[in-house]
Amino acid sequence: MVRSHHAMRAAALAGAVALVLTACGSDGSSDDETPAGGDSTSAAAPAAGGDLVIGTLLPQTGSLAFLGPPEIAGVDLAVKEINDAGGIDGKKVVVHHADSSDADHGDVAPQSWTDLQSKGVQAVIGAASSSVTQLVVDDITNAKVVMMSPANTATSLSGYSDFYFRTAPPDTVQGSALGNLILEDGVETLGILVFNEEYGTSLRDVVQETVEGAGATVTYGKKDQEFDPTSSSFADPVAGVMTSNNGGAPDAIAIIAFEQTKSIVPELVAAGFTGRVYMVDGNTADYSKDFEAGTLAAWQTQGTIPGAFPNEEFKKRMLEIDPDLTDYAYGPESYDAAILIALAALKGGGVDGETIQKNLAAVSGANGGEKCTGWKECADLVADGKDIDYEAASGAGPFNEDNDPSSALIGIYQYNDDNTSTWQKAVEGSVAG
């Protein structure tokens, strides 16, 4: 039975709408090492003396590089708060940051993992891309190192390994939320421009199932109508979707892609599309420098991003870590990942991967316990021998048997005249598993 974990998020989500979506149950190495408080450490060897050593495998380059800053800031914020409060039984947490890049640069993540492994990491936070995770998850988990992604959504990763966890929900939740949003807007015919990558096809499948199940029609973007993500031109798929509704355009188009969106949107403008546009977490980004003012607003463009929109207090804490942040996507999920890993080490009395793995579900609240927020409050309860129910900054529920969050929030964003987006509301979905 899935339990709601979000009562205390009401203030942070002022006006959030709870919608329960039942589901069954997609990046060279940069070497930035930060211990407690942000001081640099030597890259020559792992931290000594029983410190918890965390590695991050998050995008600093490639098509998802815009997700890297908030994710890295989320981890660094958690590490700072842990160490400022005395660490884990007096031991520090040390973090080594490495680049995951994206699936089109598939040599980067494996090399980054090799570098992280040489530093003795006991847990890895990442990757952001599900396809990149597939490149390294076996090597990481077979080494009995916990891998926890703050952003993977591919359904195939549910229950993948005892050592693989994620603080973002699978596509079954975001896909259902997006499909229901489309239906609520009265869309009867939907075209989908989707790239041929697991993240894209996984989301597409759930959106298609949701809208067709309610009587709407998907006119384009079905199986075998995906586009090549490495293509330099998207004229053909745009032409296909624009004539897919009995020779005309559908009521709406969902774009499920990454940076390809910057090329697809001008093609849709040139083709004269006048319906609605929907985006997902991979492309709900800031396009203020890419398109003419009013481009996305003219289509009443909306996007979905898993997770709660950070409240002002949490954003302020993240900005103290990285004053240049303009996007907060997956920052709370990254923060949660670091806090949960540290709490599991504290509860188990060891920083090795096996101890962390055995205690993660318990500290997430899977077995019930006293509700707590943040490191200090939760760590004090664990030190007193109490069971805890960690209230995630992202709004996610405790881990289920597939190591997925048992429930999660999906944020709905509306695009403005300047081609930036504003959070509107959140819907809640549960994950069966």
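The values are calculated or read from the model by the stated rules, or taken from the named source; none is laboratory data. Being a predicted model, the structure only gives us computed values, none of them experimental. Glycine also receives a Cβ, built like all others from the backbone with ideal geometry; neighbour counts cover every protein chain displayed. Calculation scope for accessible area: heavy atoms of the full protein, side chains included, ligands and nucleic acids excluded. Shrake-Rupley method; radii C 1.70, N 1.55, O 1.52, S 1.80 Å.
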Here is a check on your reading of the model: is residue 273 within 25 Å of residue 248 (Cα to Cα) and of a type in the set (A, V, I, L, M, F, W, C)?
yes
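Sort out which residues of the range 184-200 are surrounded by 18 or more Cβ atoms within 10 Å (Cβ to Cβ) and either among the polar types (S, T, N, Q) or part of a strand (DSSP E or B) (or both), and write them in order of number.
Result: 189, 190, 191, 192, 193, 194, 195.
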Does residue 73 fit the bill of being touching a Ser or Thr at 6+ places or on another chain (Cβ under 9 Å), within 23 Å of residue 286 (Cα to Cα), of a type in the set (Gly, Ala, Ser) and open to solvent by less than 10 Å² (accessible area, probe 1.4 Å)?
yes
Answer yes if at least one residue in the range 222-241 is in a helix (DSSP H, G or I) and under 23 Å from residue 407 (Cβ atoms), and no otherwise.
no
Please indicate, with yes or no, whether at least one residue in the range 78-86 is among the aliphatic types (A, V, I, L, M) and not in a helix (DSSP H, G or I).
yes
Within the range 116-134, the count of residues that are closer than 20 Å to residue 71 by Cα and part of a helix (DSSP H, G or I) comes to 6
List every residue pair whose Cβ atoms sit under 6 Å apart, with the two residues 6 or more apart in sequence or on different chains, where the first one lies in the range 354-379 and is on the phi > 0 side of the Ramachandran plot and the second, anywhere, is part of a loop (DSSP other than H, G, I, E, B).
365/398; 369/387
Just to check your reading of the model, which residue among 352, 389, 380, 336 is in contact with a His (Cβ under 8 Å, 6 or more places away or on another chain) and either acidic (Asp, Glu) or over 20 Å from residue 79 (Cα atoms) (or both)?
389
Matching residues, the range 213-232, being over 28 Å from the mean Cα position of the chain (by Cα) and open to solvent by 50 Å² or more (accessible area, probe 1.4 Å):
215, 217
Of everything in the range 92-115, what is in a loop (DSSP other than H, G, I, E, B) and either open to solvent by 30 Å² or more (accessible area, probe 1.4 Å) or at pLDDT below 95 (or both)? Give them in sequence order.
92, 102, 106, 107
Residues that are crowded, with 21+ Cβ neighbours inside 10 Å and not hydrophobic (A, V, I, L, M, F, W, C): which strands (runs of 3 or more DSSP E) entirely in the range 337-433 hold 3 or more of them?
407-415, 421-431
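Report, by residue number, each residue of the range 133-183 that is of a type in the set (Lys, Arg) and either crowded, with 23+ Cβ neighbours inside 10 Å or touching a strand residue (DSSP E or B) at 6+ places or on another chain (Cβ under 8 Å) (or both).
Hit for the range 133-183 is 166, nothing else.
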Counting only strands (runs of 3 or more DSSP E) wholly inside the range 249-319, the ones holding at least 1 residues that are aromatic (Phe, Trp, Tyr) are 276-279
